[in-house]
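Colleague: There's a structure below that I have some questions on.
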Amino acid sequence: MPIAEQIAVQLRGLIRTGRLRSGDRLPPVRVLAGFLRVNRNTVAKVYVALEQAGVLSTTPGRGTFVTASAVSGSAGVLLPLVDRLLQQARDEGIPAGDVAALVSRRAGGARRHPRVGFVECNSSDLAYFSRQVADRLRIVLTPVLLGDLQATLDDLDIIATTMFHVEDVRKMAPHHEVVGLMALPEFATLDAVAGIAPDARVALVCATEEGVRSKAQSIRAVGLKCPRLATATLRQPDRMETVLKSSDVVVASPKVLERIGEHIPSGARVIAFASVLGDEALQLLDERIRSWRNAPSIVEGTAP
């Protein structure tokens, strides 16, 4: 599946699930492409295709907005049934993830199972995202560091990764299905980060050095020129206090903000910045897994 199509499917999912509503503004092409670390032309093609489909509309000078309703077509008929199923599951103490896994099994029947790997460039993000995918899709997942991917290709059928690394992974694994998942903060948060004044003193605080490197790269990727960016981790309390004391803007995940709240100056602007895999991203991966299961085996009557 081309990268542009993967992004389009996930944007449609955001609309279908109501995370993006009619009238919501999408980030400019350069901001979304920069954050996802994909080519600007790729995101531009997605916006154009969705506009032609009537999902988005662009107004010169104002931006690109959602025009479609959250639920359209025949899918809306099923929502009351899904809601009743989930409510009954809650009443019985059954987790929503178990319900999703049961529905997936019933829909797919007894199928062969692909060997799925999840790739990230650092160990902290790898553990966070791969655990989230495995738990919510109820699949066996092999976590793989980007630097180790080449050595594990023969043991994988499908490779999932965040959109940050999808182009690199596709080059390394040209004969594998590679699924790029959009790990995004709220779009309003992207706009807030992209709109930080160039002369602002920005404090970026994360739990680990790996987190600092990743978020700093994301901040710069959206096109923000931030020469006064100072970073610290929770493991550097003295440096963290110094960095926060002189900051105009503080960028950190919600969990980190809970830890550092008392050290943030009263006049500083706070931006809660966390990348999350939404249901639409996980649904895309689930659909690609089911598509793999339904494909004919290489040898008739056998599964790899």
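Colleague: Could you give the length gained on full extension between residue 207 and residue 124, defined as 0.36 nm per residue of separation minus the Cα-Cα distance, in nm?
Modeller: 28.9 nm
Colleague: Another question, if that's okay. For the chain, with only Lys/Arg (+1) and Asp/Glu (-1) charged at the beta-carbon, what is the dipole magnitude about the Cα centre, in debye rounded to 20?
Modeller: For this selection, approximately 520 debye.
Colleague: Could I ask something else about it? Amide H to amide H under 5 Å from residue 177: which residues, 5+ apart in sequence or cross-chain, H placed 1.01 Å off N in plane?
Modeller: Placed amide hydrogens put 159 under 5 Å from residue 177.
Colleague: Ignoring ligands, DNA and RNA, please state the percent of accessible area on the chain from carbon and sulfur, probe 1.4 Å.
Modeller: Its accessible area is 52 percent carbon and sulfur atoms.
Colleague: Hey, if you put +1 on the Cβ of every Lys and Arg and -1 on every Asp and Glu Cβ in the chain, which of 196, 63, 96 ends up farthest toward the positive end of that dipole?
Modeller: 63
Colleague: How big is the convex hull of the Cα atoms of segment 254-297, per residue, in Å³?
Modeller: 80 Å³
Colleague: Please compute the volume of the convex hull spanned by the alpha-carbon atoms of segment 231-273 and report it per residue in Å³.
Modeller: 62 Å³
Colleague: Note down the nm distance, to one decimal, between modelled labels 7 Å out along Cα→Cβ at residue 293 and at residue 248.
Modeller: 5.3 nm
Colleague: What angle, in degrees between 0 and 90 and rounded to the nearest 10, separates the Cα long axis of helix 279-294 from the longest principal axis of the Cα atoms of the chain?
Modeller: Once rounded, the angle reads 30 degrees.
Colleague: As an exercise, use a Förster radius of 30 Å and the Cβ-Cβ distance of residue 103 and residue 157 to find the FRET efficiency, rounded to the nearest 0.05.
Modeller: The calculated FRET efficiency here is 0.85.
Colleague: Need the list of aspartates and glutamates near residue 245 for cross-linking: C-alpha distance under 18 angstrom, and skip anything on the same chain fewer than eight residues off.
Modeller: 199, 258, 262
Colleague: Let me ask something else about it. Taking only the C-alpha atoms, wrap a convex hull around segment 127-167 and report its volume per residue in Å³ as a whole number.
Modeller: Given the Cα convex hull of segment 127-167, per-residue volume reads 84 Å³.
Colleague: With each label point set 7 Å from Cα along the Cα-Cβ vector, what nm distance links residue 255 and residue 170?
Modeller: It works out to 3.1 nm between the two label points.
Colleague: Could I ask something else about it? Roll a 1.4 Å probe over the protein chains and send me the accessible area per residue for the chain in Å².
Modeller: Ligands and nucleic acids excluded, the figure is 52 Å² per residue.
Colleague: Still on this model: Please enumerate, by chain and number, the aspartates and glutamates with C-alpha under 17 Å from the C-alpha of residue 215, excluding those fewer than 8 residues away in the same chain.
Modeller: 120, 125, 186, 191
Colleague: Taking a temperature of 4 °C and a viscosity of 1.567 mPa s, what whole-number D in µm²/s does Stokes-Einstein yield for segment 136-189 with Rh from Kirkwood over alpha carbon pairs?
Modeller: After rounding, the answer is 106 µm²/s.
Colleague: So, one more: So, with +1 on the Cβ of K and R and -1 on the Cβ of D and E, and no other charges, what is the size of the charge dipole of segment 234-287 about its Cα centre, to the nearest 20 debye?
Modeller: So the dipole magnitude of segment 234-287 works out to roughly 460 debye.
Colleague: Once phi is turned into ³J(HN,Hα) by the Karplus curve 6.51 cos²θ - 1.76 cosθ + 1.60 with θ = phi - 60°, what whole-Hz value does each residue of segment 124-140 show in order, with x for glycine and proline?
Modeller: 5, 5, 4, 5, 5, 6, 5, 5, 4, 5, 4, 5, 7, 9, 6, 10, 7
Colleague: How far apart, in nanometres, would the label points at residue 90 and residue 25 be if each is projected 7 angstrom from Cα along the Cα-to-Cβ direction?
Modeller: 3.4 nm
Colleague: What value, in deg cm²/dmol to 500, does the helix sum -39500 (n - 2.57) over DSSP H runs of n ≥ 4 give at 222 nm once divided by the residues of the chain?
Modeller: One gets -14500 deg cm²/dmol as the mean residue ellipticity at 222 nm.
Colleague: Let me ask something additional. Sorted by packing (mean other beta-carbon atoms within 10 Å per residue), highest first, where do 158-164, 199-205 land?
Modeller: Top to bottom by mean Cβ count within 10 Å: 158-164, 199-205.
Colleague: Quick one: 3J(HN,Hα) in Hz for segment 31-43, Karplus 6.51/-1.76/1.60 with θ = phi - 60°, rounded, Gly and Pro as x.
Modeller: Each residue's phi maps through the Karplus curve to give 6, 5, 5, x, 5, 6, 6, 10, 4, 4, 4, 5, 5 Hz.
Colleague: With θ set to phi - 60° and the Karplus curve 6.51 cos²θ - 1.76 cosθ + 1.60, what are the ³J(HN,Hα) couplings of segment 3-8 in order, to the nearest whole Hz, using x for Gly and Pro?
Modeller: Ordered by residue, 3J(HN,Hα) equals 4, 4, 5, 5, 5, 4 Hz.
Colleague: Within 9 Å, Cβ to Cβ, of residue 280, how many net charges do the neighbouring residues add up to if Lys/Arg are +1 and Asp/Glu are -1?
Modeller: So the surrounding residues net to +2.
Colleague: By how many degrees, between 0 and 90 and to the nearest 10, does the Cα long axis of helix 209-221 differ from the longest principal axis of the chain?
Modeller: Helix 209-221 and the main axis of the chain meet at about 90 degrees.
Colleague: How big is segment 105-264 by Rg and Dmax over its Cα atoms, in Å?
Modeller: 18.6, 60
Colleague: So, how do all the Cα-to-Cα distances of the chain break down into 10 Å bins, in percent, from 0 on up?
Modeller: 5, 24, 30, 27, 12, 2, 0
The values are calculated or read from the model by the stated rules, or taken from the named source; none is laboratory data. Treat the numbers as computed from the prediction; the structure is a model and nothing was measured. With ideal geometry, Cβ positions are generated from the backbone for all residues, glycine too; neighbour counts draw on all protein chains shown. The accessibility values were calculated without ligands, DNA or RNA, using every heavy atom of the protein model including side chains. Shrake-Rupley method; radii C 1.70, N 1.55, O 1.52, S 1.80 Å.
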